[in-house]
Structures are given as C-alpha cells and as structure tokens.
Amino acid sequence: QVQLVESGGGVVQPGGSLRLSCVASGSSAPIYTMGWYRRAPGGTQRETVALITRAGVPNYLDSVKGRFTISRDNAKNTVSLQMNSLESEDTGVYYCAMFSSEIFWGQGIQVTVSS
C-alpha cells in the first residue's frame, strides 16, 4: 500500500543541476534509512548513490561526494537529492528507496546528462 513517487528528473548539460524528490504515500511503519539508487544505461543492477539515516547522517557513493547532497523530512516522509556539477556518467534511472520493516522502492525517474 505504500507508494513512493519521484519527481525532478530531466535532461541537463554537463555541469548542470537537478533536484530529485521522493514522497511516500500511505500509512506505514517507521522509516529508517532513506536513499537513492541508480542504474546506468546498459547496466545490470542498481548502485547506491546516497543514503541518509533517520538521524540525518548521510553516506555517498565516492564518485558523487562533493556534488550531491541528500536530505530528508521525517515528518513528511520525503527524501531529496540535490545533484550539482552533473557529469555524463551520472546518466541513468534513479530510484528512491525507503527502509522500514521492508524496502519500498519508487518506479524510477530518468536523469540524462548530455551535451
């Protein structure tokens, strides 16, 4: 019954910025860690981009450190990912995830970085 809805994807040039947002709808058990994953074009699986604990402690994929910032609003069950200085290698489908007694996933949103 819990559904995650992502927004904010699109097409940008290298060096540009996008902000992804994800909101969980429906009542659920407490959500602990929230995060963002991505699958590159032709990729076989998702990789972890950024995670944030309920206390607000973030963790990032090495290649996005200093460029991406993850944040959350516990009261609204939302998580966002501010992506700056985007590179072509950041292109892919980004998935929101929220960890409770089980993992809830968004359907994915396209991010394309291209000249």
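The values are calculated or read from the model by the stated rules, or taken from the named source; none is laboratory data. Everything numeric in this text was worked out from a predicted model, so none of it was measured. So basically every Cβ, Gly included, is an ideal-geometry build from the backbone, and we count neighbours across all protein chains shown. Surface accessibility is based on the protein's heavy atoms, side chains included, excluding ligands, DNA and RNA. Shrake-Rupley method; radii C 1.70, N 1.55, O 1.52, S 1.80 Å.
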Considering only residues that are at pLDDT 95 or above, of a type outside the set (Val, Ile, Thr), in a strand (DSSP E or B) and open to solvent by 30 Å² or more (accessible area, probe 1.4 Å), which ones fall in region 38-74? Arg39, Glu47, Leu51, Pro58, Asn59, Tyr60, Ser71, Arg72
Select from region 1-29 the residues that are open to solvent by 80 Å² or more (accessible area, probe 1.4 Å) and not in a strand (DSSP E or B) and write down the one among them that is nearest to Thr78 (Cα to Cα). Ser27
Taking the conditions exactly as written (in a loop (DSSP other than H, G, I, E, B), open to solvent by less than 50 Å² (accessible area, probe 1.4 Å) and touching a strand residue (DSSP E or B) at 6+ places or on another chain (Cβ under 8 Å)), does Leu81 satisfy them or not? no
For region 74-102, pairs from a residue that is in contact (Cβ under 8 Å) with a residue 24 or more places away in the chain and more than 14 Å from Val49 (Cα to Cα) to a residue that is open to solvent by 10 Å² or more (accessible area, probe 1.4 Å) and of a type in the set (S, T, N, Q), with Cβ under 7 Å and 6 or more apart or across chains, are Thr78/Ser21; Ser88/Ser114; Phe99/Thr33; Ser100/Ser28
Any residue at all in region 95-114 that is modelled with pLDDT of 95 or more, more than 23 Å from Gly56 (Cβ to Cβ) and among the hydroxyl-bearing types (Ser, Thr, Tyr)? yes
Any residue at all in region 84-91 that is crowded, with 16+ Cβ neighbours inside 10 Å and assigned to a strand (DSSP E or B)? no
